[in-house]
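The structure appears below as structure tokens.
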Amino acid sequence: MALTTAFLALLLAFIATGRENMTARAAASVPVDWQVLLGPQGSVPAAEQAIRAATLVKTLLPVGYADVAALSAVTGPAGQMTTQTTGAGKVLGLPPGYAAAFPAELRALVGATQGVLVSQQTAANLHAGVGDRVMVTRYGAPPVAVTVAGVVDLPAADSLFQAVGAPKGLAPQAPPDNVLLLPRAQFERLFAPQRAARPDTVRTQLHVRLATTLPADPGQAFALVGRLANNVEARLAGSAVVGNTLGATLDGAREGALYAQALFLFLGLPGALLAAALTVSVAASSGTQRAGEAALLGLNLAKDKNLSNSPVPARP
């Protein structure tokens with residue numbers, strides 16, 4: 001009986017620990033928990049206030065996104081210089097401390113980790129490196145040149161450039177090939193004219209790392225994160241949309257946890273039933289013998305009681 005109870009307890013503890021590990025690993029694998037896209041009427045202070053009022057926040061940084069018509073660079077040795085031009089691309093404006101706050105988003109390859117940075121694919125397309133000048137062709141504004149300070153890799157480009165708020169199936173299937181990263185102050189200065197001429201091509205996102213303690217169960221954690229995201233959108237009254245990357249990852253972990261739980265139950269339940277049947281069988285196999293022994297013990301106790309209550313004969 002003790003072994004059967006211990007087996008069941010270990011099985012349930014293993015399932016509970018597995019679900020907790022799934023939740024922790026899913027949350028740790030997300031580079032940015034929320035990407036809150038601000039609408040034309042949205043403002044960073046109001047959105048930040050709404051987010052902090054809805055949930056605990058560990059990190060919240062504004063990031064600028066701008067569409068550009070092309071990127072070009074003139075590179076090569078003297079006398080053999082060539083011009084490379086890309087198609088449409090993206091320019092991001094990163095605030096100070098972004099790489100440290102979200103380390104999974106950027107990985108330094110060559111040169112500095114601050115200043116004007118180009119993605120690895122863009123550097124290959126332009127044949128550009130540290131010290132080269134890249135011409136940015138803006139919409140509704142004249143081109144502007146910047147000097148490259150470093151080359152970086154974007155390991156989480158899929159989530160970094162996700163189409164927040166786009167209907168399912170209509171979002172871009174791949175991140176852009178041409179990406180330029182600027183300091184936030186320089187981004188605002190260079191793209192203020194484009195924002196005025198083409199406001200649909202310049203947007204702002206708030207990248208959020210939550211400090212809320214998640215439940216151990218992935219399903220409960222998914223429901224909690226979804227409620228918090230809906231709370232933020234309700235507080236902002238349509239002026240922002242939450243890209244819930246953490247919720248999408250927990251949704252996948254929830255399905256995996258349900259499958260693992262069903263698998264362990266199907267594998268462990270027959271063993272538990274067999275152990276219980278074996279315990280009952282062992283207990284029942286000696287039931288008749290124990291019943292006879294109990295009856296004999298009862299007779300002996302009654303006999304001893306009668307002897308103790310009988311009068312003692314007087315000695316002659």
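The values are calculated or read from the model by the stated rules, or taken from the named source; none is laboratory data. The model shown is predicted, which means the values in this text are computed figures rather than measured ones. Quick note on the areas: whole protein, heavy atoms, side chains included, nothing else; ligands and nucleic acids left out. Shrake-Rupley method; radii C 1.70, N 1.55, O 1.52, S 1.80 Å.
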Exercise. Can you pull the percent of the chain's accessible area that's carbon plus sulfur, 1.4 Å probe, other chains left in place?
Worked result: 62
Seminar exercise, completed: With the 1.4 Å probe rolled over protein heavy atoms, segment 190-256 has an accessible area per residue in Å² of 43
Seminar exercise, completed: Using a 1.4 Å probe on heavy atoms of the protein chains only, the accessible area for Lys303 in Å², nearest 10, reads 130
Seminar exercise, completed: With Cα coordinates, the longest principal axis of the chain makes an angle with the long axis of helix 287-309, in degrees rounded to 10, of 50
Problem set entry | Probe 1.4 Å - accessible area at His127, Å² to nearest ten | 120
For this session: Translational diffusion coefficient, Stokes-Einstein: compute it for segment 178-232 using the Kirkwood radius over C-alpha pairs as Rh, at 25 °C and 0.890 mPa s, and state it as an integer in µm² s⁻¹.
Result: 168
Seminar exercise, completed: Options (i) 34, 59, 7; (ii) 32, 56, 12, 0; (iii) 25, 37, 17, 10, 7, 4, 1, 0 are given for P(r) over Cα pairs in 20 Å bins from 0, in percent, and the computed one is (iii)
For this session: Please list Leu11, Leu160 in order of solvent-accessible area, largest first, computed with a 1.4 Å probe with all protein chains present.
Result: Leu11, Leu160
Exercise. Over segment 87-147, what lengths in whole Å, largest first, do the semi-axes of the equivalent ellipsoid take, defined as the square roots of 5 times the eigenvalues of the alpha-carbon gyration tensor?
Worked result: 21, 15, 11
Exercise. Taking only Cα atoms, what is the 0 to 90° angle, nearest 10, from helix 218-236's long axis to the longest principal axis of the chain?
Worked result: 40
Problem set entry | C-alpha long axis of helix 245-285 to longest principal axis of the chain, angle in ° | 10
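Return one quarter of the surface area of the convex hull spanned by the alpha-carbon atoms of segment 1-53, equal to its mean projected area, in nm². Don't skip to the answer; put the middle values down first.
Working: hull surface 23.6 nm².
In nm², the orientation-averaged hull projection of segment 1-53 is 5.9.
Rounded to the nearest 500, what is the 222 nm mean residue ellipticity of the chain from helices alone, with -39500 (n - 2.57) per DSSP H run of 4+ residues and division by all residues? Let's see the in-between values first.
Working: 9 runs with 150 residues, N = 316.
Value at 222 nm, helices only, nearest 500: -16000 deg cm²/dmol.
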